Amino acid sequence: MNTDMSEKLAPMRWDGKDLYLLDQRILPHREEWVRVGNAQDCHKAIYDMVVRGAPCIGFSGLWGVVLWLKENKGKGGAALSEAASFLKTARPTAVNLAYEIDELLSYLQAQSQTDNYFEVAEEYTQKRIALAEEQNLAMAKWGIKAIEEDLGKGADLRLMTHCNTGFLACGTIGTALGVISLAAEQSRVKSVWVDETRPYMQGIRLTAYELAKQDIAHKVVVEGAASHLMKNGLVDAILVGADRIVANGDTANKVGTSTLAIVAKHYGVPFYVVAPSSSFDLKTEQGSGIEIELRNEEEILSFKGDRVAPRESSAFNPSFDVTDSSLITGIICEKGIIRPDYVKNIKGLLS
Ligand code: MRU
C-alpha cells in the first residue's frame, strides 16, 4: 500500500516524551495536533474522541501507560495497575483498550527489574503499532478473497461502509476501509457508499476525508438511505469494523451497524465484519454481555454548539449496537476468513 498515505493520515505521533494526536473532532477542515503529556490527559483524549476507532483507542491506552511510566520512573506493582485500570475506563465498548493494556502489563511483569519500565514499554508500544500494519495488510487481502469467494473476481464493485475504519481508526491501513483501499488500488472498486454516521459524523468527516486523500470515488449517504440503495441493487457488499466480537460472532460496532446488517440480509447483500484478533473477546459468550457506551445527549441535540432540538427535548445516545452473528456473511481478521458456524470457527482460528 501507499506508505506516503500513512504519513499523511497517521493519527498519532510519539516524540520520545509526549504523544501527539491528530484532533479527529475537527477533521476534515482543520488538521491540528493535540499534545498529550500524561496519563490523565491521555484518558481525557480517548474519552473526548480526539482519538478514536478501536485499534487506536488500544494504542493510545498503551501510550497512556508509557506516559504514566515517564512520570513514575522505576515504579510498578499496585500503582501501575491502578493507573492501567484508570486508563481502561476511558471508553468501555472497544475491547482493544483493555486487551492492549493487559498485554503490556503482562510483558512488563515478565521483566526482571522495574527501573527501565519506561524504555521497555516505549519500545513495546512502537513494535506493537508496527505489527498492526502487517496485520492490517493481511486482513485487507483476506477481505478481498472473501468478496471474491462470494461475488466472483469482477471489478466495478460498489461497496458500502459505516463509521470510520481506516488510517485514522487504526494508525495504519485500516480494517474494513483497508479492504476497500486495497481493492481500489487493484482497480476493483467503482465507488464507495459512505454512511454519514450520526451523531459524530465519522463517515462524512473521516471516511470521506480518507477516501478523498486516496482518490477513491465515493458518495456520502444518510443512514436512512441504505434500504433505498440495496432495494435498487446499488450495493454489492458492505464492510464494517468492530469494537468487540464475542465468542458466538455477535459484534459491537458503531450504532447503526446492526440496522445496516438487517437491511443487507433482507436484500441478500453480503455483510462482512473486518477486525484484528485484538478486537475479539472470547470470554464473553454473546452480544448481550457487551457494555454499550452511552454518550452525552448533547452530541445529538446540538450540532457544532448550536442547539438543533427544542430546549424541552432530551436524547438517548448509545454509541454502539450489537449485530447478531446470524446477519454476518463473514468475519475477517489477520488470520483468515471466519464463516458460520461462528462458535466453532472463531474458536478454531483464534484459540
Ligand atoms: O466511536 P468510535 O468512532 O471510536 O467508533 C468507531 C467504530 O465503531 C469503528 O467501526 C470500530 O472502532 C472499528 S475501527 C477499525
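Read-outs: derived from the displayed coordinates by stated rules, not from any lab. In this text the structure is predicted, and so the values were computed from the model without any measurement. Cβ placement follows ideal geometry from the backbone for every residue including glycine, while neighbour counts extend to all protein chains displayed.
Here are the numbers:
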{"item": "Net charge over other residues, Cβ less than 12 angstrom from the Cβ of residue 30 (K, R count +1; D, E count -1)", "result": "-1"}
{"item": "For the chain, calculated [θ]222 nm from helices alone, where every DSSP H run of n ≥ 4 adds -39500 (n - 2.57)", "result": "-12500 deg cm²/dmol"}
{"item": "For peptides 192-202, 290-300, sequence by mean Cβ density within 10 Å, most packed first", "result": "192-202, 290-300"}
{"item": "Residues whose placed amide H lies under 5 Å from that of residue 338, excluding near-sequence neighbours", "result": "331, 332, 333"}
{"item": "Shape of segment 140-350, Cα gyration tensor, a/c cut at 1.5", "result": "oblate"}
{"item": "Over the chain, relative contact order from alpha-carbon pairs under 8 Å, at least 6 apart, %", "result": "16 percent"}
{"item": "Which listed pairs, of 283/335; 153/213; 44/213; 70/304; 190/304; 88/145, have C-alpha distances above 24 Å, in listed order", "result": "153/213; 44/213; 70/304; 190/304; 88/145"}
{"item": "Quotient of Cα Rg and 2.2 N^0.38 Å for segment 3-130, N being how many residues it contains", "result": "1.01"}
{"item": "Residues 85, 319, sorted so that the one with the fewest Cβ neighbours within 10 Å comes first", "result": "85, 319"}
{"item": "Top of 143, 37, 224 by mean-square fluctuation, Gaussian network on the chain, Cα under 10 Å", "result": "224"}
{"item": "Proximal charge balance of residue 351 [Cβ under 13 Å; K/R count +1, D/E count -1]", "result": "+3"}
{"item": "Hits among aspartates and glutamates - C-alpha to C-alpha of residue 73 under 17 Å, sequence gap 8 or more where chains match", "result": "18, 82, 115, 119, 122, 123"}
{"item": "Nearest-20 debye value, the chain charge dipole, Cβ charges on Lys, Arg, Asp, Glu", "result": "440 debye"}
{"item": "Highest-MSF residue in the chain out of 212, 138, 90 [GNM, Cα springs under 10 Å]", "result": "212"}
